[in-house]
Amino acid sequence: MMTTKKKVLIFISGIVFVGVIIGGIYLLFFQNKGIESLTEDQVKQKIKSVTKEIEKLILLPNEIPSLATVMDADVLKKNQPFYRDAQNGDIVLLYSSERKAIIYNPREKKLVNVGPIIIDEDVANKNNEEILAIEIRNGSGLSGKAKEVEEQLKNNQEFAVGNVGDASKTDYVGNILVDFTKGKKSSLLDRLQKLYNAEVRQTMPEGEADSSAEALLILGK
């Protein structure tokens, strides 16, 4: 799960976190999956409803915020002092232009914490360079081979596996690694190439469907 704004994206056990620096402290908060499933109008209504409650307590910036919900306060408290008084279900508003973050308790209708934000673009860019989004396709004709490789890579934080499926044909000889980054993530591509002894290409093999990943690993016999 990956905006044009400079934010740090971290993938942990399939959960997407958005990272920013608040008051010199690295902050992680959960992306609200419930809101993602809503329509655009429902999202706008949700934000409008929440901000209407909060603006009774504090003057809010003149911009539409990002909205998230704290899902595991205990984990956050251990690593982030900003969350020391947060509870599960609390709402986090992030105002990127005004560099302000707010934690709000909707049950007690009170502010939990407010802090300034420093978005560290160097950290965001560095993190982006350290993760390679890949797709895996099985072109070997051997059932389950793509899933097997997915399992091998799922705990490797350098690689974010997206789609896993079958290639357009089942008679590929050897593994193929297609680089769509134009060499921008050469170190990660080199490591993946060595892991699976793959032939690196810059163009998609004929007959294969397009991929939205940064690299495509086609498994052959």
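The values are calculated or read from the model by the stated rules, or taken from the named source; none is laboratory data. These numbers were taken from a predicted model, which means no experiment stands behind them. Note: ideal-geometry Cβ built from the backbone for every residue, glycine included; neighbour counts use all protein chains shown.
Listed here are the residues, each with its yes/no results for (1) charged (D, E, K, R); (2) touching a helix residue (DSSP H, G or I) at 6+ places or on another chain (Cβ under 7 Å).
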position: I58; (1), (2): no, no
position: N62; (1), (2): no, no
position: V70; (1), (2): no, yes
position: R84; (1), (2): yes, yes
position: L94; (1), (2): no, no
position: I102; (1), (2): no, yes
position: R107; (1), (2): yes, no
position: L111; (1), (2): no, no
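If I ask for residues that are modelled with pLDDT of 60 or more and of a type outside the set (A, V, I, L, M, F, W, C), which ones from segment 104-127 would you list?
If the condition is that a residue be modelled with pLDDT of 60 or more and of a type outside the set (A, V, I, L, M, F, W, C), then Y104, N105, P106, R107, E108, K109, K110, N113, G115, P116 are the ones that fit.
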**Lone qualifier among A68, A101 - being among the hydrophobic types (A, V, I, L, M, F, W, C), modelled with pLDDT under 85 and surrounded by 19 or more Cβ atoms within 10 Å (Cβ to Cβ)** = A68
**Request:** Quick one: Q152 ticks every box in (1) modelled with pLDDT under 90; (2) on the phi < 0 side of the Ramachandran plot except a single one, so which number is it?
**Result:** (1)
**Asked** A209 versus (1) hydrophobic (A, V, I, L, M, F, W, C); (2) under 26 Å from the mean Cα position of the chain (by Cα); (3) surrounded by 13 or more Cβ atoms within 10 Å (Cβ to Cβ): which is the lone unmet condition?
**Response** (3)
**Request:** Would you be able to tell me the number of residues in segment 78-98 that are surrounded by 14 or more Cβ atoms within 10 Å (Cβ to Cβ), closer than 18 Å to K46 by Cα and not hydrophobic (A, V, I, L, M, F, W, C)?
**Result:** 2
**Message:** Of everything in segment 32-65, what is among the aliphatic types (A, V, I, L, M) and modelled with pLDDT under 90? Give them in sequence order.
**Reply:** I35, L38, V43, I47, I64
**Request:** Kindly indicate whether any position in segment 182-192 is under 17 Å from A213 (Cβ atoms), assigned to a loop (DSSP other than H, G, I, E, B) and in contact with a helix residue (DSSP H, G or I) (Cβ under 7 Å, 6 or more places away or on another chain).
**Result:** yes
